[in-house]
Amino acid sequence: MPRTERLGASRPYASPARRGPVRMLAGRLVVALCITASLMVGAVLTVNYVIDAKLSSAARVGVHTASSHGSAMNFLVVGSDTRAFTSGSRTLQQQFGNEAGNGGQRSDTMMVVRVDPNHSKTLVVSFPRDLWVRVPGLGMSKINSAYNAGPQRVIDMLLQDFGIKINHFIQVDFKSFQGVVNAIGTIPVYVPYPARDNLTGLYQPVAGCEQFGGADALAYVRSRELQYYSPQQQRWVPADAVPDIDRIARQQQFIRRLAGIAVKRSLSNPLTANEIVNRVLENVTIDQGLSKSDILSFVDAFRSINPNDTGHVQFGTMPWLEGPNQDGQQVLYVREPDAGALLARLGGAVNSANVAVNGTSPGTSTSPTTGPGAATSPTTSAPSGSTPDGGAATPGAAPAARINNQALLGSAAPRPAPC
């Protein structure tokens, strides 16, 4: 007669040694998943708390921006060369200079980032600082001079000259940029030849794949007087064909790599994520309407950046060409119709009454300026467009900077991983 077991009766205790290996593994897996889930929830809560705390104390600026009726938003990102943050700190003044020696503020970098969550697309468009445009209240001038009068002047100029409605404003200064890089660690950068820039302090005596910390990274992305060393000539030679344009290419490549590494390390280490958020929001200036959801949308726009990305994030430069000098200055002109196609993706269009187009400034002729330092007439073989695609946005990778004086420099150094 088979044995029966009374309902509710206790069973003999089974030691771990008597349990099956599958049951033991399953139990440990459940515990591990619970711990991991708890850590992830804690990390998310912590990051959200850090964002809330930093936003409440972040520097805000009162500007008039366009309201966001749809899903797509235009973020104006300005890299300012202001030294106001060094006031009272001898250490910072030694590192970055002071206001007395670098008065005022100019936009070292000007980008419009178009974030469209519904279509999973992000477009980053850089505006060369030497574009000749009409700045409200100043008349015709280089585009970067608009920032001397503050961010509202830049927002007004982009709307007046290019039809771009700005929804949010973010200013990054030297300290905040350097802090973000240091929070991540180092960023690999390919240097084809020994390089230097006496103005920014960049000095890389060894070519190849170099790891840049915050100070080196800042000197690299700011470089407009980059030189490479030629062993054949035994001297330093200019590296860039058009410094303003080739610097943009280096900046875009660096931003792509920086964002990709930041996302990867943030996902793998909550402490790194907190540090990056802390550094990003610590020294930026933002518009008064920028909320946490806006910040998260902006960050999420760069979430999928990786070397194999083929379309989520695209980089472009406002199409340009060289032309006659204006007021004794070498300037760049917007090139149409290429500019119109790119601006349409930002919701804008060129206003030729306010923008120097195809070698002609509003109210002037195309006659080239003569004398020392005069730029080439656009009807000659002057270079145009900063990239092989003429400045249009390119899927995936940002365009590479061109190398000037290649014949004098010889073969570039090998480009090993991870560069």
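Looking at (1) closer than 30 Å to S68 by Cα; (2) at pLDDT 65 or above; (3) polar (S, T, N, Q); (4) surrounded by fewer than 21 Cβ atoms within 10 Å (Cβ to Cβ), which is the one condition that is false for T317?
(4)
Working only within the stretch 227-262, note down all residues that are of a type in the set (F, W, Y) and closer than 21 Å to Q178 by Cα.
Narrowing the stretch 227-262 to residues of a type in the set (F, W, Y): 228-229, 236, 254.
Across the stretch 227-262, the qualifying residue is only F254.
Considering only the stretch 137-153, how many residues are closer than 21 Å to Y333 by Cβ and surrounded by fewer than 17 Cβ atoms within 10 Å (Cβ to Cβ)?
Residues meeting the conditions: 2.
Could you list all residues from the stretch 79-95 that are crowded, with 20+ Cβ neighbours inside 10 Å, of a type outside the set (K, R) and either over 16 Å from I170 (Cα atoms) or at pLDDT 95 or above (or both)?
T86
Tell me, please, whether a residue that is within 30 Å of Y229 (Cα to Cα) and surrounded by fewer than 18 Cβ atoms within 10 Å (Cβ to Cβ) can be found in the stretch 190-198. Spell out the reasoning first.
Keep residues of the stretch 190-198 that are within 30 Å of Y229 (Cα to Cα), which gives 190-198.
Those left that are additionally surrounded by fewer than 18 Cβ atoms within 10 Å (Cβ to Cβ): 198.
The answer is yes, given that some residue of the stretch 190-198 is within 30 Å of Y229 (Cα to Cα) and surrounded by fewer than 18 Cβ atoms within 10 Å (Cβ to Cβ).
Yes or no: R247 over 25 Å from M318 (Cα atoms), among the basic types (K, R) and surrounded by 21 or more Cβ atoms within 10 Å (Cβ to Cβ)?
no
The values are calculated or read from the model by the stated rules, or taken from the named source; none is laboratory data. Keep in mind the model is a prediction, meaning the values are calculated, not measured. A quick note on method: Cβ atoms are made from the backbone with ideal geometry, for glycine too, and the neighbour counts reach across all protein chains shown.
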